[in-house]
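Structure first, commentary second.
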Amino acid sequence: MSNAQIQGQLASAISSEVMIEVNKMNKWYGSFHVLKDIDLTVHKGERIVVCGPSGSGKSTLIRCINALEEHQEGDIIVDGIKLGKNLKNLDHIRTEVGMVFQNFNLFPHLTILENLTLGPVWVRKMAKADAIETAMMYLERVKIPEQADKYPGQMSGGQQQRVAIARSLCMSPKIMLFDEPTSALDPEMIKEVLDTMVDLAETGMTMIVVTHEMGFAKTIADEVIFMDEGDIVERNKPEEFFGNPEHERTQKFLSQIL
Amino acid sequence: MAIVKATKTPARSAPISESSILGWLQKNLFSSAFNSVLTVFTTYIIYLTVNGVYIWGFADATFVAETRRECYGNSLTGACWAGVIDWLDNIFYGRYPREEIWRINFGGILLAFWMAPLWIARAKGKVLVGASVVVFYPFLAGYLFSGGDKGLFMQVMISGAIVAFAINMANAIAGLLKQQSIVRLVIGSLGQTNAADKTQRNLLIALVAVGFGAAYLWQSSWTVEFVTWTKWGGLFLTLVISGIGIASALPGGIILALGRRSKLPVLRVLSTGFIEVFRSVPLITVLFMATTMFPLFMPEGFVLNKLVQVIIAVVLFNACYMAETVRAGLQAIPKGQFEGAHTIGLGYWGTMGLIIMPQALKHMIPNIVGSFIGLLKDTTLVSIIGLFDILGMLRSISKDVPWLGLHKEPLIFGAILFFIICFAMSKYSRHLEVKLSAGNNH
């Protein structure tokens with residue numbers, strides 16, 4: 001495979017503005033050291049794919065960025081706001097950072113439209129009619145506007161995940177985090193979700209994606225990060241990362257999954 | 001081997017055992033000689049029982065008589081329903097003055113009408129209807145039942161209740177006829193549909209204020225006679241105690257359950273302690289404590305009437321049980337739901353109120369209704385501490401001179417009454433479950 005092919009088909013729109021900055025961040029689950037001295041800078045418009053063996057701390061890292069998990073040492077600065085004990089900051093960060101989960105985490109008791117409008121109406125205090133309009137726009141974008149009145153339980157996994165993406169987008173976040181968005185899906189549904197994410201990447205959204213979909217990483221990533229046992233082992237452009245991995249652990253991992 | 005079957009297999013009709021009554025009978029009741037014998041034997045036992053009950057309860061029973069002796073004169077083997085019929089008013093209303101009984105009935109009918117829109121699919125604003133019942137109805141009903149002079153507070157609440165009831169009824173009719181909420185209809189008929197939100201709101205407030213003024217003037221023109229609580233009794237008293245218990249146990253239980261799961265240690269310990277203490281003590285003990293010990297701790301001259309004490313005890317006791325039911329429901333909600341809610345920026349109350357509670361309560365309906373049924377039945381314990389609730393009244397019949405010793409029939413009548421109420425509740429809970437789980441099979 002030539003470099004030209006590997007290199008993303010997407011023009012990247014990285015600006016010099018820093019969206020996420022992680023400095024010497026450490027996290028423990030009880031006595032287990034999950035994340036070790038993590039340093040990470042993500043610029044506006046940058047699309048980063050995080051990969052690594054299970055238990056390497058990839059999910060924990062992005063959950064820390066969204067303040068779903070507390071970190072014990074170091075700083076995480078998202079869009080200029082430092083994460084800490086300040087609950088008001090936390091709520092603010094969460095509205096700026098969208099997150100898509102492996103298990104969708106849609107609200108099963110609400111229709112798709114209600115799932116999408118809940119945040120804008122209750123958190124952003126948007127008028128209901130405007131919220132519905134925005135929701136329908138995003139449903140069009142993930143190509144399921146006709147499902148607006150269904151409940152999540154009546155949809156396929158792929159459709160649910162696309163709704164979950166639309167739900168996050170309705171809050172007009174500055175950053176989108178994806179925690180293994182295709183791992184719980186049947187193979188034939190993975191593509192529709194990945195296509196949605198590629199569309200999103202084209203809009204210039206800042207994205208961090210934890211995934212095992214290496215084809216996807218090659219297509220959209222500006223940089224690929226490899227994590228192992230709580231360390232960021234390697235960070236590189238995709239063509240370098242896949243064509244010429246530097247670290248021995250990266251080579252071993254890639255040889256196992258490719 | 002390549003193609004196994006080139007043409008589609010046509011569907012055939014099901015075998016007889018799946019499709020006809022005869023087939024069903026054969027499959028389920030007479031599938032073997034032993035099962036056939038069992039079926040015949042069981043049918044015979046059922047026949048004996050039903051027949052015995054029929055002869056005692058209907059065929060040989062006396063429905064019209066002046067005294068128990070007269071019943072015996074009529075038949076020795078039949079029930080003496082005449083005693084129950086003679087006491088029917090007492091069973092339902094206790095010693096409430098006969099000429100004032102309309103107030104109880106009126107209160108009941110009012111409640112039924114007030115709540116009816118909750119069951120009408122086309123009526124709008126169900127949450128407001130529910131809230132208005134909880135906020136206003138107790139005051140209106142409280143005054144209807146006890147009467148006497150109205151204080152200023154009561155006058156205000158009664159006027160509020162009248163206005164709320166009127167709006168509620170108008171809203172239900174608007175929903176039924178025009179499929180609109182009353183607010184839209186009024187705004188529309190005044191030609192203000194396109195006016196600014198603020199103008200509309202001010203207009204509505206003005207209309208409600210006028211209504212309130214009219215209601216206030218009207219209600220100050222009448223009073224109803226005072227009836228002391230000691231005259232309350234029978235099914236009426238049972239329903240008052242259990243109704244207040246049911247209406248407040250759920251909110252109380254939700255608050256206690258949230259407290260017990262709170263991250264704040266003081267709140268958690270207090271809630272847990274409160275729940276565990278009340279749950280480890282039998283209701284009858286709580287009732288005795290409330291009526292005998294509680295006044296000892298109160299300042300001199302502070303007298304709460306026994307009924308209020310009993311109601312407080314019932315409410316606290318059941319709130320603690322409900323708290324555990326609610327907690328179980330909360331624990332069944334996957335962590336992902338909390339995380340999903342957090343990622344769209346909902347805070348604690350938003351997450352609980354919009355995401356977690358609606359799902360948890362739905363799962364808990366069978367348990368909640370189970371608790372309500374238990375509460376209703378437990379309420380009969382108040383007869384032990386000297387309130388003449390329905391059980392107290394039923395047992396008094398045997399001490400009434402004409403019906404001396406008539407125990408069986410009143411208690412059976414009470415059992416039937418309780419069965420009807422509890423079975424209706426249980427059926428309704430089943431209906432709710434089905435209705436709420438529609439389109440939500442996850």
Assess whether B:Thr380 counts as being in the same structural domain as B:Gly329 (by TED's automatic domain parsing) and among the β-branched types (Val, Ile, Thr).
no
Return the pair list, or none, for Cβ contacts closer than 6 Å from residues in the stretch B:65-88 that are among the basic types (Lys, Arg) to residues that are part of a loop (DSSP other than H, G, I, E, B), at least 6 apart or on different chains.
B:Arg68/B:Leu406
Which numbered condition trips up A:Pro187, out of (1) touching a helix residue (DSSP H, G or I) at 6+ places or on another chain (Cβ under 9 Å); (2) free of Cβ contacts under 8 Å to residues at least 24 places away in the same chain?
(1)
Sort out for me the helices (runs of 4 or more DSSP H) sitting completely within the stretch B:308-413 that have 2 or more residues that are away from every other protein chain (no Cβ under 14 Å) and closer than 30 Å to B:Thr228 by Cβ.
B:357-378, B:390-396
Quick check, is B:Ala206 part of a helix (DSSP H, G or I) and either more than 23 Å from B:Val134 (Cβ to Cβ) or of a type in the set (Gly, Ala, Ser) (or both)?
yes
Going through the stretch A:117-152 one residue at a time, which ones are surrounded by fewer than 17 Cβ atoms within 10 Å (Cβ to Cβ), closer than 19 Å to B:Gly350 by Cβ and of a type in the set (A, V, I, L, M, F, W, C)?
A:Ala127
Checking A:Ala184 against (1) in a helix (DSSP H, G or I); (2) surrounded by fewer than 18 Cβ atoms within 10 Å (Cβ to Cβ), which test does it fail?
(1)
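Mind checking which residues of the stretch A:28-78 are within 14 Å of chain B (Cβ to nearest Cβ) and either at pLDDT below 90 or outside any strand (DSSP E or B) (or both)?
A:Ser59, A:Thr60, A:Ile62, A:Arg63, A:Cys64, A:Ile65, A:Asn66, A:Ala67, A:Leu68, A:Glu69, A:Glu70
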Being touching a His at 6+ places or on another chain (Cβ under 9 Å) and at pLDDT below 95 is the requirement here; does A:Leu90 meet it?
yes
Kindly establish whether A:Ile81 is more than 10 Å from chain B (Cβ to nearest Cβ), of a type in the set (A, V, I, L, M, F, W, C), touching a Lys or Arg at 6+ places or on another chain (Cβ under 8 Å) and within 23 Å of A:Phe178 (Cβ to Cβ).
no
Determine whether the stretch B:294-311 contains at least one residue that is among the hydrophobic types (A, V, I, L, M, F, W, C) and closer than 21 Å to B:Ile255 by Cα.
yes
For the stretch B:153-174, how many residues are touching a helix residue (DSSP H, G or I) at 6+ places or on another chain (Cβ under 7 Å) and over 24 Å from B:Phe139 (Cα atoms)?
1
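Listed here are the residues, each with its yes/no results for (1) over 41 Å from the mean Cα position of the chain (by Cα); (2) within 19 Å of B:Ile412 (Cα to Cα).
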| residue | (1), (2) |
| --- | --- |
| B:Asn35 | yes, no |
| B:Thr39 | no, no |
| B:Asn51 | no, yes |
| B:Gly57 | no, yes |
| B:Asp60 | no, yes |
| B:Val64 | no, yes |
| B:Cys71 | no, yes |
When the stretch A:191-232 is checked residue by residue, the ones that are of a type in the set (A, V, I, L, M, F, W, C), surrounded by fewer than 18 Cβ atoms within 10 Å (Cβ to Cβ) and not in a helix (DSSP H, G or I) are none
Within the stretch A:79-104, count every residue that is part of a helix (DSSP H, G or I), polar (S, T, N, Q) and touching a strand residue (DSSP E or B) at 6+ places or on another chain (Cβ under 7 Å).
1
Among the residues of the stretch B:364-393, how many are farther than 20 Å from B:Phe92 by Cβ and among the polar types (S, T, N, Q)?
2
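Listed residues B:Gly94, B:Gly160, B:Gly125, B:Gly148; which is touching a residue at least 24 places away in the same chain (Cβ under 8 Å) and touching a Gly at 6+ places or on another chain (Cβ under 6 Å)?
Only one candidate passes the filter, namely B:Gly94.
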Could you please find all residues in the stretch B:202-224 being loosely packed, with under 12 Cβ neighbours inside 10 Å and at pLDDT below 90?
B:Ser221, B:Trp222
Considering only residues that are among the hydroxyl-bearing types (Ser, Thr, Tyr) and crowded, with 21+ Cβ neighbours inside 10 Å, which ones fall in the stretch B:326-358?
B:Thr343
What about A:Thr206, is it of a type in the set (S, T, N, Q) and under 12 Å from A:Val100 (Cα atoms)?
no
Report whether or not A:Arg162 is more than 11 Å from every other protein chain (Cβ to nearest Cβ), in contact with a helix residue (DSSP H, G or I) (Cβ under 6 Å, 6 or more places away or on another chain), among the basic types (Lys, Arg) and on the phi < 0 side of the Ramachandran plot.
yes
Given (1) surrounded by 11 or more Cβ atoms within 10 Å (Cβ to Cβ); (2) within 38 Å of the chain's Cα centre (by Cα), index of the condition B:Lys27 fails
(2)
All positions within the stretch B:124-153 that are part of a helix (DSSP H, G or I) and basic (Lys, Arg):
B:Lys126
Just give me the residues in the stretch A:88-123 being free of Cβ contacts under 8 Å to residues at least 60 places away in the same chain and within 7 Å of chain B (Cβ to nearest Cβ), in sequence order.
A:Asp91, A:Arg94, A:Asn105, A:Phe107, A:Pro108, A:His109, A:Leu118, A:Gly119, A:Trp122, A:Val123
Which residue out of B:Val134, B:Val129 is exposed (fewer than 13 other Cβ atoms within 10 Å of the Cβ) and among the β-branched types (Val, Ile, Thr)?
B:Val134
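The values are calculated or read from the model by the stated rules, or taken from the named source; none is laboratory data. What you see is a predicted model, and the numbers here were worked out from it, not measured in a lab. Counting neighbours? That spans all protein chains shown, and the Cβs are built from the backbone with ideal geometry, glycine included.
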